[in-house]
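Engineer: Right, I'll just put the structure down here and ask away after.
The values are calculated or read from the model by the stated rules, or taken from the named source; none is laboratory data. It should be emphasised that the depicted structure is a prediction, and the values quoted were computed from it without experimental measurement. Every residue, glycine as well, gets a Cβ built from its backbone with ideal geometry; the counts of neighbours run over all protein chains shown. Surface accessibility is based on the protein's heavy atoms, side chains included, excluding ligands, DNA and RNA. Shrake-Rupley method; radii C 1.70, N 1.55, O 1.52, S 1.80 Å.
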Amino acid sequence: MTTPITRRPQICVLGSAEPGSSAFERAGEVGALLASLGMTLVSGCGSPATRVAAERAIGAGGLVLSIVPPDHMPPADWPATVVVPCGMGDARNLLMALSGDACIVIGGRAGTISEVCLAWLHRRPLLPLVGHGGWSDGLPSNPPDERNNSEILPWTTTAELEEQLRKLGLVQTRTEEARTGP
């Protein structure tokens, strides 16, 4: 009997935070956490925060899918396992929003807001980092609109983030892994 192959959960990491900030440190921890949970990190890897998340995921043996705005491949040292150059500029934000089973939001600027609104419209759960500054701090009390399209599950530590991912049913238990493979 063949063991069924199960698609790994894909978690999109959105946002921006500068090196030295607590949000930047959390971003790196997120990358390592997702790798340890056997999840694929989806990111543009363009901001310092999303780049460190990707670097830490790869360093921990994880998979990283990077969807980049231009139509050409990034440099060889780009922190990704798989790269998709979409050639769509900012329209790439829709691909980012749709590529995750859930979207982690760290800090953020205008591009992040665009991705979050698209994720919201397409009913992707949002996991904003709170208590570390940036735009994601206000997301739980100020959702994109009144429709309650998706869950907003805030977190401040990676332990809380892991619990939120478990609530969403995205973390396999060790029994499930043994049955379906990593």
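Engineer: Could you work out the local net charge near L129, counting Lys and Arg as +1, Asp and Glu as -1, over the other residues with Cβ closer than 12 Å to its Cβ?
Structural biologist: Numbers: positive: R26; negative: E25, E29, D137, E160.
Net charge around L129: -3.
Engineer: Also: Could you check how much of the accessible area of the chain is carbon and sulfur, as a whole percent, using a 1.4 Å probe? Let's see the in-between values first.
Structural biologist: On the way: 4720 of 8630 Å².
The nonpolar share, carbon plus sulfur, comes to 55 percent.
Engineer: Just to verify a number: what accessible area does D71 come out at with the full protein assembly present, 1.4 Å probe, Å² rounded to tens?
Structural biologist: Per-residue accessible area (D71): approximately 130 Å².
Engineer: What is the sum of charges around T158, taking Lys and Arg as +1, Asp and Glu as -1, for the other residues whose C-beta is under 13 Å from the C-beta of T158? The partial results should precede the final answer.
Structural biologist: Numbers: positive: R26, R56, R166; negative: E25, E29, E160, E162, E163.
So the environment of T158 carries a net charge of -2.
Engineer: To continue, here is another question. If I model a spin label as a point 7 Å beyond the Cα along the Cα-Cβ vector, how far apart are those points for H72 and E151 in nm?
Structural biologist: It works out to 4.3 nm between the two label points.
Engineer: Given a 1.4 Å probe and heavy atoms of the protein chains only, how would you sort D90, D145, largest accessible area at the top?
Structural biologist: Values: D90 130, D145 35 Å².
Result of the area sort, largest leading: D90, D145.
Engineer: Let me ask something else. Skipping prolines and chain starts, which residues have an amide H placed within reach, meaning under 5 Å, of the one on I67, given they are 5 or more residues away or on another chain?
Structural biologist: S43, G44, V84
Engineer: Then there's this: Normalising by the residue count of the chain, find the relative contact order in percent from Cα pairs under 8 Å and 6+ residues apart.
Structural biologist: Values: 393 pairs, mean separation 38.6, N = 182.
After rounding, I find 21 percent.
Engineer: Among bridges DSSP assigns within the chain, what percent are antiparallel (round to 5)? All intermediate terms of the calculation are to be shown ahead of the outcome.
Structural biologist: Details: 0 of 22 bridges.
Taking every DSSP beta bridge within the chain, about 0 percent pair in antiparallel fashion.
Engineer: Let me ask something else about it. What net charge is computed for the residues neighbouring G108, neighbours being all others with C-beta under 15 Å from the C-beta of G108, Lys and Arg scored +1, Asp and Glu -1? The partial results should precede the final answer.
Structural biologist: On the way: positive: R26, R51, R109; negative: E18, D90, E115, D137.
Combined, the nearby Lys, Arg, Asp and Glu give -1.
Engineer: Defining a contact as two alpha carbons under 8 Å apart and six or more residues distant in sequence, what relative contact order in percent does region 79-182 show?
Structural biologist: Numbers: 123 pairs, mean separation 21.2, N = 104.
Once divided by the residue count of region 79-182, the mean separation gives 20 percent.
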